[in-house]
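Below is one structure; the comments refer to it alone.
The values are calculated or read from the model by the stated rules, or taken from the named source; none is laboratory data. Because the structure is predicted, anything quoted here is derived from the model rather than measured. Every residue, glycine as well, gets a Cβ built from its backbone with ideal geometry; the counts of neighbours run over all protein chains shown. Keep in mind that these areas ignore ligands, DNA and RNA; they rest on the heavy atoms of the full protein, side chains included. Shrake-Rupley method; radii C 1.70, N 1.55, O 1.52, S 1.80 Å.
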Protein chains: 6
Amino acid sequence: MRRGKVHNLPVVLVVEDEELLQDIVHDALKEGGFDLTAVASGHEAVTMIDSGVVVYSALVTDVVLGGQMRGWDIARLVRQIDPSFPIVYMTGAAADEWAHEGVPNSILLTKPFAPAQLVAALSQLLHLASSD
Amino acid sequence: MRRGKVHNLPVVLVVEDEELLQDIVHDALKEGGFDLTAVASGHEAVTMIDSGVVVYSALVTDVVLGGQMRGWDIARLVRQIDPSFPIVYMTGAAADEWAHEGVPNSILLTKPFAPAQLVAALSQLLHLASSD
Amino acid sequence: MRRGKVHNLPVVLVVEDEELLQDIVHDALKEGGFDLTAVASGHEAVTMIDSGVVVYSALVTDVVLGGQMRGWDIARLVRQIDPSFPIVYMTGAAADEWAHEGVPNSILLTKPFAPAQLVAALSQLLHLASSD
Amino acid sequence: MRRGKVHNLPVVLVVEDEELLQDIVHDALKEGGFDLTAVASGHEAVTMIDSGVVVYSALVTDVVLGGQMRGWDIARLVRQIDPSFPIVYMTGAAADEWAHEGVPNSILLTKPFAPAQLVAALSQLLHLASSD
Amino acid sequence: MRRGKVHNLPVVLVVEDEELLQDIVHDALKEGGFDLTAVASGHEAVTMIDSGVVVYSALVTDVVLGGQMRGWDIARLVRQIDPSFPIVYMTGAAADEWAHEGVPNSILLTKPFAPAQLVAALSQLLHLASSD
Amino acid sequence: MRRGKVHNLPVVLVVEDEELLQDIVHDALKEGGFDLTAVASGHEAVTMIDSGVVVYSALVTDVVLGGQMRGWDIARLVRQIDPSFPIVYMTGAAADEWAHEGVPNSILLTKPFAPAQLVAALSQLLHLASSD
C-alpha cells in the first residue's frame, strides 16, 4: 500500500499466548492505527527487541504466560536493553503484584478492560517517552 | 456471544435524561469497547451502584437532570459508597461550578465534546484507579 | 522591614482553632518564607477572602472546627469566589471524606504530617495555579 | 443534519501542507468525533484564530511547512492571542527542537504516530484546559 | 516533649550503612519535621516494617549496601507487605537500573542531591499516597 | 570541608541582576542544601554552561534583566545545549508571556513567591529529569 511507504505506523510488540485475547488486542491496536507483531513467549519478545531488526515503539504483555517468563520478567529484561521502553501489562488476577513486580512508568490494565483503554494507555506512555 | 463469556467488558453507568446525548454517549462507549447501562435519574444510579448486583467501573453523569439530584449530588453519594469511584461529569453550562461542586480526581467534559474525549477521560481515570 | 517593601511574601490564610496546631502551621509557613493570617472560624475566613482587602495566595484549613462550618464547607464557598483558589485540608480523622467532600485540585494532609509536607503541598498547588 | 444543531462538535484547526498527512489527520479526527478546518500555512491559521469567527478548540500543526512560518512560530503567535490554547505539534525530524522551540503545556508527536495518538493527545490537552 | 504527645510526626525508615550519608539524611529529615529510624541493613528494615510495632510512613533506602540485599530488593519486599508504601531510593552510580529494578510510583535521587530534594520527594509521595 | 569531598551538592546557576532578589535566592538555595553560582547576565550564564567546566544541575533566571537577553532567550539557548535542562523562571510582571515565550517542562514563579517555592520547584524539576 502506498500510504505505508510514506507514513509508517508505530509497531507494538505483543506477548500473549491466549488466542482470544490476542484477537482482541490485535483488533484494538489496528483500529487505533498501530501496527503490531504478536509473539507467544517472553523468550521471543526479548530476542526480537534485542536484535534491533525492527524498531518497536512499545511492549504490551500478559502477566501470566505458559513459558518460564512472566510479564514482569520480560519487562525487566526489555528495560535493561532500553531504560525508557514503554510497557503495558495485562492481567486478570495479579493486580496487586504490580506494586512490587512492575517497573516504573508502566501501566497495568486489569481484565476486563475496554479495547480503547489499551490504545489510551499506549498513547499516554508514548507521549511521556517522546515529550516529557 | 462467546467472547462475552471469556472477556467481559467493563460496564459504565451513564446518567442522562436527554435522548440525543444518550445516543452519542452510547455510540462512543460501544465503539471504545465499553459496555454501559443508562439510567435517567440519580436515584436509579445510586440504587444500582449500592445494590452491588453489577460491578460498575465508572460513572458518567450529566450535571443538569430533570430530577431532584444534580450530577454533583450523585457523584458525592457514589463516592460515599466507594471513595475511589471514577467519575466523569458532562455539562453544557455549569463548567465553573466544577471547582466547588466537583469531587477530587474527577474529569469535567464541557459540551460540545468529541466522543473520543469521553473515552479518553474514562481510560485516564481507570488507569489512575488501577495503577497509581 | 525594608525587604518587605521590595519583595512581599505570598500570604496564606489559615483556619485553625486548635492552638497547638496553629503554632506548628505558623512555624512551618514562616520557615518556608510564607506570610500568614490565622483565623479560628470559617465565617471569618470567607469574609476576609470576599472583602478583597488582602490578596491571599492559598487557604489552609482544618476539617474539624468548633463553629458551624467544616473545612469542606469553607473550601466550597472560597471556590465560588475564586474557582482556582489553592486549598490544603488538614485532618486527623476524616481522610475518607475527602473523596466526596473535597474540591477538585486540592490536597489533603492527614495528621500527623511533617511541617515540610505543608510547605510542599502549598508550593505544588501554587505552581499549578500559576503555570499549568 | 439535526444532530449538528443540538450537539456541535469541537473544531480543531489543522496546519498541514502535505496532502497525505492531511488525509490521515482528517480521518483520525473525524473518527474521534472532532470537526476540523485544514489550512496549508501558518499565515492562514493565525488569521482565522485571530478573527474569532469560528471558536477553535485546539491547534494541530506540522513543524516543517512550505511557508515562512514553522509550527513553532505559529504556536507562539496563537498563544499570544490565547495563553492557554491547546497545541499539538507533528514532526518527522525536529523532535529535539521541541525542548527549546516548543511552548509549555504542548504535546509533540513524532512521525510515525498512530492516528489514535493524535486523538489521545488532543483529549489530554482539552481535559487540562477545561478541568485542571 | 509535650508537642510529641499531641501531634506526633510521621516516621521515616532509613536504610543506610554509610555514616556520612546517614548524618545528611538525618539532618534533612529532622529539619523538614520528620522523625526517623535508621538501620544499616535491609534485613532489619523488612523485619521492622513487618512487625508493625511502629507505623512507618515511608522508606528511604540506599541502593548499594554492605549486606546481601540491595535497595531494589528491600523495596520489593516492603511493597509485598504494603502495596502502596512510599519509597525513595538514593544512589550514586546505579541510576539506569531504576528503570528495570525500581518499583512503580517510587522516586530515585541520584547523588549528589540537595537535602531539600529528599524532603520534597517524600512529601510528593505522601501526597500521592493519601490523596490521589 | 570533609563533607564536600564525599557528598558534593548540586550546583544551580542563577541569573539575577537585582541585588535584593539575589540575596533571597542565595539564602533559599543554601538553606535547601543547594550550591549556587550567581551571574548577572545571560551572556555569562550561557558561556558557563557551554564551557562544561562546572556541571550545573538547573538554571534559575529572572525574566527581566539589564542586558540584551531576557530569561526567555537564555532558557532557549541553554536547552539547545542540553534539551532536558531544568529551568525555573522568576518574574514580577510578565507571567502571561510564559505561555508563548517559555520552554516546555519549565516552571514559572511569579513574584512575590516564598523561598520554599523556589526550592520545591527545583526539586520537582530535578525529579522529572532523573526519574521519569
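For segment D:45-57, which positions are closer than 16 Å to residue D:71 by Cβ and outside any helix (DSSP H, G or I)?
If the condition is that a residue be closer than 16 Å to residue D:71 by Cβ and outside any helix (DSSP H, G or I), then D:56 is the only one that fits.
Quick one: would you say residue C:106 is of a type in the set (S, T, N, Q), open to solvent by less than 20 Å² (accessible area, probe 1.4 Å) and either within 15 Å of the chain's Cα centre (by Cα) or within 11 Å of chain E (Cβ to nearest Cβ) (or both)?
When the stated conditions are applied, residue C:106 passes them.
Being modelled with pLDDT of 95 or more and of a type in the set (D, E, K, R), is that true of even one residue in segment E:108-124?
No, segment E:108-124 has no match at all.
Restricting to segment B:109-132, and then to whatever is open to solvent by less than 50 Å² (accessible area, probe 1.4 Å) and assigned to a loop (DSSP other than H, G, I, E, B), can you tell me which residue is nearest to residue A:122 (Cα to Cα)?
Only one residue fits best here, namely B:114.
How many of the residues making up segment D:44-62 are within 14 Å of the chain's Cα centre (by Cα) and either at pLDDT below 95 or open to solvent by 10 Å² or more (accessible area, probe 1.4 Å) (or both)?
Residues that pass the stated criteria total 7.
Right, residue D:13: touching a residue at least 40 places away in the same chain (Cβ under 8 Å), part of a helix (DSSP H, G or I), open to solvent by less than 10 Å² (accessible area, probe 1.4 Å) and among the aliphatic types (A, V, I, L, M) or not?
So residue D:13 fails the test.
Starting from residues that are open to solvent by less than 40 Å² (accessible area, probe 1.4 Å) and of a type in the set (Val, Ile, Thr), keep the ones in segment F:63-95 and report whichever is farthest from the other protein chains (Cβ to nearest Cβ).
The qualifying residue farthest from the other protein chains (Cβ to nearest Cβ) is F:63.
From the list F:28, F:40, which one is without any contact (Cβ under 8 Å) to a residue 60 or more places away in the chain and surrounded by 17 or more Cβ atoms within 10 Å (Cβ to Cβ)?
So the residue among F:28, F:40 that is without any contact (Cβ under 8 Å) to a residue 60 or more places away in the chain and surrounded by 17 or more Cβ atoms within 10 Å (Cβ to Cβ) is F:40.
Residue-by-condition table, conditions (1) closer than 24 Å to residue D:31 by Cβ; (2) in contact with a His (Cβ under 9 Å, 6 or more places away or on another chain); (3) among the aromatic types (Phe, Trp, Tyr); (4) in a helix (DSSP H, G or I):
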| residue | (1), (2), (3), (4) |
| --- | --- |
| B:8 | no, no, no, no |
| B:20 | yes, yes, no, yes |
| B:27 | yes, no, no, yes |
| B:30 | yes, no, no, yes |
| B:43 | no, no, no, yes |
| B:59 | no, no, no, no |
| B:64 | no, no, no, no |
| B:73 | no, no, no, yes |
| B:76 | no, yes, no, yes |
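Determine which member of the set B:21, B:36, B:9 is in contact with a strand residue (DSSP E or B) (Cβ under 8 Å, 6 or more places away or on another chain) and farther than 23 Å from residue A:112 by Cβ.
It is B:21.
Report whether or not residue B:50 is within 13 Å of chain D (Cβ to nearest Cβ) and more than 30 Å from residue E:105 (Cβ to Cβ).
The answer is no for residue B:50.
So in segment F:117-132, with the set limited to residues that are within 21 Å of residue F:18 (Cα to Cα) and out of contact with any Ser or Thr (no Cβ under 6 Å at 6 or more places or on another chain), which one is nearest to the other protein chains (Cβ to nearest Cβ)?
Of everything passing the filter in segment F:117-132, F:119 is nearest to the other protein chains (Cβ to nearest Cβ).
Exactly one condition in (1) more than 7 Å from every other protein chain (Cβ to nearest Cβ); (2) open to solvent by 10 Å² or more (accessible area, probe 1.4 Å) is false for residue C:100; which is it?
Of the numbered conditions (1) more than 7 Å from every other protein chain (Cβ to nearest Cβ); (2) open to solvent by 10 Å² or more (accessible area, probe 1.4 Å), the odd one out for residue C:100 is (1).
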